[in-house]
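Peer 1: Dumping the structure here so I can ask a few things about it.
The values are calculated or read from the model by the stated rules, or taken from the named source; none is laboratory data. The shown structure was predicted, so the numbers you read here are calculated from the model rather than taken from an experiment. As a convention, Cβ positions derive from the backbone with ideal geometry for all residues, glycine included, and neighbour counts pool all protein chains shown. To get the accessible areas, we keep the full protein, side chains included, count just its heavy atoms, and leave off ligands, DNA and RNA. Shrake-Rupley method; radii C 1.70, N 1.55, O 1.52, S 1.80 Å.
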Amino acid sequence: VINAESGCADLTQTELETLQGYLSGGGKLLVLSDVREDGDICANLEELCGEFGVTGLNGAVYETDASNYYRSNYSVYPSLETHGITESLTQSHLEVLILGVQPLSLTDVKGVTQTVLAETSEHSFAMSDLGSDPQRADDDPDGPFPAAVLCERDDGASFIRIASTSVTLSDADALTSGGNSSFFLNCVEWLCGKNDTISVRTSPLDGSSLSIPEYSRYVWTAVFCAVIPLSLIAAAGIVWYERRKR
């Protein structure tokens, strides 16, 4: 597992060559990489991932669909695609919450089969300006972007890249009732060949809050703060009027 947190050093040349040799022998690799700003160059890491046709772009995915983010446009609920890794989560109606998605780009590579496991919505884009008052640039690419992708090569090598290290954070896991940890462990077990044991893990018991997408929050706020009270007032008015006529 490579956990390439934001601001961390790139792979050394020796590490790159060691991993290339390991993969050429049918190795399995899981890479977690964070949002990268202009000037942050991880050339060796991207060379390794590029052998499977996966490239990390600068900036962060900015989700504009309120039903696909939590509080911040950068905290994204990606859609889970159909695969053995995600099947147990979708059957249990669990989601994955990624706090800061690095936009990924896929390129076809001969001998490599690419399977997107999680993807941002078509209403997302890659925000290159990560300042205090970000503005979208004309050349910021539109989504959807893979948030997690599985690559399987003809020589037996398997490679998964998840576009954020936040999938392993306990706070994010609590907000998804264990969805994040289940997804991460499912990825590990798939790479280890334990495909028949993949399942949903026990949900954390110490979670103090429930995550609700922004769109759903607006809808339920309107229902409980406006629709229900107004309906009760209207019903009370009708009852009062009917009794007054008697």
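Peer 1: Is there any pair linking a residue in region 159-175 that is touching a residue at least 40 places away in the same chain (Cβ under 8 Å) and among the acidic types (Asp, Glu) to one that is open to solvent by 10 Å² or more (accessible area, probe 1.4 Å) and outside any helix (DSSP H, G or I), with Cβ under 8 Å and at least six apart or on different chains, and which?
Peer 2: none
Peer 1: I've got another one for you. Taking interchain pairs and intrachain pairs at least six residues apart, which have beta carbon atoms under 6 angstrom, with the first residue in region 83-97 and more than 17 Å from Ala174 (Cα to Cα) and of a type in the set (A, V, I, L, M) and the second modelled with pLDDT under 95 and surrounded by fewer than 16 Cβ atoms within 10 Å (Cβ to Cβ)?
Peer 2: Within 6 Å, no pair qualifies.
Peer 1: The conditions are (1) modelled with pLDDT under 90; (2) open to solvent by less than 60 Å² (accessible area, probe 1.4 Å); (3) not acidic (Asp, Glu), and Gly179 fails exactly one of them. Which is it?
Peer 2: Failed condition: (1).
Peer 1: For Val149, state whether it is modelled with pLDDT of 95 or more, open to solvent by less than 50 Å² (accessible area, probe 1.4 Å) and within 29 Å of Ala60 (Cβ to Cβ).
Peer 2: It is true that Val149 is modelled with pLDDT of 95 or more, open to solvent by less than 50 Å² (accessible area, probe 1.4 Å) and within 29 Å of Ala60 (Cβ to Cβ).
Peer 1: Can you confirm whether region 155-176 contains a residue that is acidic (Asp, Glu), over 19 Å from the mean Cα position of the chain (by Cα) and assigned to a loop (DSSP other than H, G, I, E, B)?
Peer 2: yes
Peer 1: Go through (1) closer than 15 Å to Ile162 by Cα; (2) free of Cβ contacts under 8 Å to residues at least 40 places away in the same chain; (3) of a type in the set (Asp, Glu) and name the single condition Asp34 misses.
Peer 2: Looking at each condition in turn, Asp34 falls short on (2).
Peer 1: Moving on. Could you please find all residues in region 114-140 being touching a Pro at 6+ places or on another chain (Cβ under 7 Å) and open to solvent by 10 Å² or more (accessible area, probe 1.4 Å)?
Peer 2: Val116, Glu119, Ser121, Glu122, Phe125
Peer 1: Here's something else I'd like to know. Within region 54-74, which residues are in contact with a Cys (Cβ under 8 Å, 6 or more places away or on another chain) and surrounded by fewer than 19 Cβ atoms within 10 Å (Cβ to Cβ)?
Peer 2: Answer for region 54-74, where residues must be in contact with a Cys (Cβ under 8 Å, 6 or more places away or on another chain) and surrounded by fewer than 19 Cβ atoms within 10 Å (Cβ to Cβ): just Thr55.
Peer 1: Would you check if Leu80 is within 21 Å of Val188 (Cα to Cα), aliphatic (A, V, I, L, M), open to solvent by 30 Å² or more (accessible area, probe 1.4 Å) and in contact with a strand residue (DSSP E or B) (Cβ under 7 Å, 6 or more places away or on another chain)?
Peer 2: Criteria met by Leu80.
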